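All remarks here apply to the structure that follows.
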Amino acid sequence: MTLLDRTIPLLLRGYAWLPAQPRDAAGLVHTRLLGKPAVAFGGPDAVAFFYDEDHVHRQEALPGPVLDTLFGRGAVHTLDGPPHRVRKSLFTGMLMDAEENGRLTDLVLRHWREQAAEWAERGPVVLFDEAAVVLAAAVGEWAGVPLAAPLARGTAEDCVAMVDGFAAPGPRHARARRARARQEARLAGTVTRCRSRDTAAVGADSVPAGRSGGQSGSGTVLERIARHRDADGHLLDPHTAAVELLNVIRPTVALTWFVTFAAHALHREPALRDELRAADTPAHETAFAHEVRRFYPFAPFTAGLAAADLDWHGRPIAKDTLVLLDLFGQNHDPELWPDPYRFEPARFLGHPPARDALVPQGGGDPRHGHRCPGEDIAVRVLAALCTELARTELRVPAQDLRILLHRVPTRPRSGFVFTPLPAAGT
Ligand code: HEM
């Protein structure tokens, strides 16, 4: 039986589309997307199956419009096998270091506090926009690409545009393409200048890169990407290096979605804000951050292609079928999360999430598969900003805080407008 292509219903219904699809007895959705046969599933067993490289690969899985907006051509997301492992080691080396992540978190807090003083003077501001600028300034400084004030705002707007427009036809998509082209061109120049400095420093005509097929191991994010050698022993060409530099900067700025959702949660349930303020421990703020990432919709699913003819609990999946892992659905599966549509940070207190249960940033082992290598950063920065938000007295005027599920990615429609109030006693 040939199934009808469901790309348009997916684009129209967004997050609500996949959970509404019928499943067979093995839990598989059978459908057709982008002109290809497709299946979708979720749950910890599905995570293990999906992240096995003999089952699902990524090359040619991502459509051009997603590469030209969200990830970039030649990105780590599109690689398999040894080329993926070597490129991925660059990211895990840079992004999974607790000390470095603490430094980034401190920079975010410093920029946040500097900006907060200005917000109080400016009157009502839009949290979504302002948090993006704070994150861009902090990650730029951290990565060795410092951004003076106007550049931080421009970079923040471009990074937001790339994420906002990847799944939207029309002007949002066109804006995303322009933003990516602009940032790739700028950062390719930055990488080239970094390499020239390196060359001048060693007085030779080659970049003092690390081992063949590995990473340089130290230095800023910019330097490490500029010196990285891929599995073939070659440096990344400036465009690909810019793509990967953006694959650190863009998703860090995208934390503004989660920060805005956190403000939404604290505003809707002031008791949670009081609890977070009173507890003021890393365990509480981390639990809050996990629940924001579980509860609110961001990445709907991740996808690859069946690497061979596969069998999922007795159901055949033909080679080259598009395979979707339902991240949003799994984060709301009542078998994993009792009362899944209740925002309840306490579910993570004393219970860190099992590796393949909580999957807002993918599943499996980030060092080997395609799971997000920025998850530690996301949790740490978000946790710190949840506490910062909980401690701040805000005036929140009437506004449209609806989060529409047909829009991908979604956010409170107003972006969360607020004015910080002076702390008592100041
Ligand atoms: C805003 C919060 C974030 C969300 C929702 C998110 C989500 C994701 C998802 C769903 C994937 C794909 C997983 C897969 O296909 O299996 C991914 C991959 C990736 N993420 Fe994140 N991420 C976030 C933050 C970050 C941060 C802060 C960084 C870097 C500082 C980062 C860097 C990456 C990279 C480089 C990959 C590609 C990994 C690979 O293909 O091996 N992400 N992320």
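Taking the criterion of being without any contact (Cβ under 8 Å) to a residue 60 or more places away in the chain and more than 13 Å from ALA306 (Cα to Cα), the residues of the stretch 30-54 that qualify are HIS30, THR31, ARG32, GLY35, ASP45. The residues listed here are PRO409, PRO360; of these, the one that is of a type outside the set (Ser, Thr, Tyr), within 22 Å of VAL125 (Cβ to Cβ) and within 22 Å of the chain's Cα centre (by Cα) is PRO409. Across the stretch 81-93, the qualifying residues are those that are more than 8 Å from the ligand (Cβ to nearest atom) and among the hydrophobic types (A, V, I, L, M, F, W, C), and the one among them that is farthest from TYR51 (Cα to Cα) is LEU90.
Out of GLY140, GLY144, one residue alone is of a type outside the set (Ser, Thr, Tyr), modelled with pLDDT of 95 or more and surrounded by 22 or more Cβ atoms within 10 Å (Cβ to Cβ). It is GLY140.
Residues checked against (1) in contact with a helix residue (DSSP H, G or I) (Cβ under 7 Å, 6 or more places away or on another chain); (2) hydrophobic (A, V, I, L, M, F, W, C); (3) part of a helix (DSSP H, G or I); (4) surrounded by fewer than 20 Cβ atoms within 10 Å (Cβ to Cβ):
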| residue | (1), (2), (3), (4) |
| --- | --- |
| PRO83 | no, no, yes, yes |
| LEU90 | yes, yes, yes, no |
| MET94 | yes, yes, yes, no |
| ASP106 | no, no, yes, yes |
| LEU109 | yes, yes, yes, yes |
| GLU118 | no, no, yes, yes |
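Return yes or no: is ILE403 within 12 Å of the ligand (Cβ to nearest atom) and either of a type in the set (A, V, I, L, M, F, W, C) or closer than 30 Å to GLU121 by Cα (or both)? Judged against the criteria, ILE403 is not a match.
Among the residues of the stretch 243-290, those identified as more than 20 Å from the chain's Cα centre (by Cα) and acidic (Asp, Glu) are GLU269, ASP274, GLU275, ASP280.
Can you find a residue that is modelled with pLDDT of 95 or more, touching a Pro at 6+ places or on another chain (Cβ under 6 Å) and closer than 23 Å to PRO409 by Cα anywhere in the stretch 261-282? Yes; the residues of the stretch 261-282 include at least one that is modelled with pLDDT of 95 or more, touching a Pro at 6+ places or on another chain (Cβ under 6 Å) and closer than 23 Å to PRO409 by Cα. If we scan the stretch 393-408, do we find a residue that is at pLDDT below 95 and not in a strand (DSSP E or B)? Within the stretch 393-408, one or more residues are at pLDDT below 95 and not in a strand (DSSP E or B). In the stretch 326-337, of all residues being assigned to a loop (DSSP other than H, G, I, E, B) and within 13 Å of the ligand (Cβ to nearest atom), the one that is farthest from PHE71 (Cα to Cα) corresponds to ASN331.
Only residues that are buried (at least 23 other Cβ atoms within 10 Å of the Cβ) and more than 19 Å from ARG342 (Cβ to Cβ) were counted in the stretch 258-284, giving 2. In this structure, ILE249 does satisfy being of a type in the set (Val, Ile, Thr), surrounded by 15 or more Cβ atoms within 10 Å (Cβ to Cβ) and within 11 Å of the ligand (Cβ to nearest atom). Based on what the data block shows, is THR387 more than 8 Å from the ligand (Cβ to nearest atom), surrounded by fewer than 20 Cβ atoms within 10 Å (Cβ to Cβ) and within 27 Å of LEU421 (Cα to Cα)? Against the criterion (more than 8 Å from the ligand (Cβ to nearest atom), surrounded by fewer than 20 Cβ atoms within 10 Å (Cβ to Cβ) and within 27 Å of LEU421 (Cα to Cα)), THR387 does not qualify.
Let's see how each residue does on (1) surrounded by fewer than 16 Cβ atoms within 10 Å (Cβ to Cβ); (2) part of a loop (DSSP other than H, G, I, E, B); (3) in contact (Cβ under 8 Å) with a residue 24 or more places away in the chain:
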residue	(1), (2), (3)
ARG294	no, no, yes
ALA308	yes, yes, yes
ASP311	yes, no, no
LEU324	no, no, yes
ASP339	yes, yes, no
ALA346	yes, no, yes
HIS370	no, yes, yes
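Would it be correct to say that THR69 is away from the ligand (no atom under 14 Å from the Cβ), among the β-branched types (Val, Ile, Thr), in contact with a helix residue (DSSP H, G or I) (Cβ under 9 Å, 6 or more places away or on another chain) and in contact (Cβ under 8 Å) with a residue 12 or more places away in the chain? Here the answer is yes, as THR69 does meet what is asked.
When you look at VAL408, is it away from the ligand (no atom under 16 Å from the Cβ) and either of a type in the set (Gly, Ala, Ser) or closer than 15 Å to PHE261 by Cβ (or both), yes or no? Criteria not met by VAL408. Across the stretch 350-384, the number of residues qualifying as small (Gly, Ala, Ser), under 15 Å from LEU135 (Cα atoms) and within 11 Å of the ligand (Cβ to nearest atom) comes to 2.
With respect to being of a type in the set (Gly, Ala, Ser) and within 30 Å of PRO171 (Cβ to Cβ), ALA61 fits the description.
The values are calculated or read from the model by the stated rules, or taken from the named source; none is laboratory data. Small disclaimer: the values here were computed from a predicted structure and weren't measured. Cβ sites come from the backbone with ideal geometry, for glycine too, and all protein chains shown count toward neighbours.
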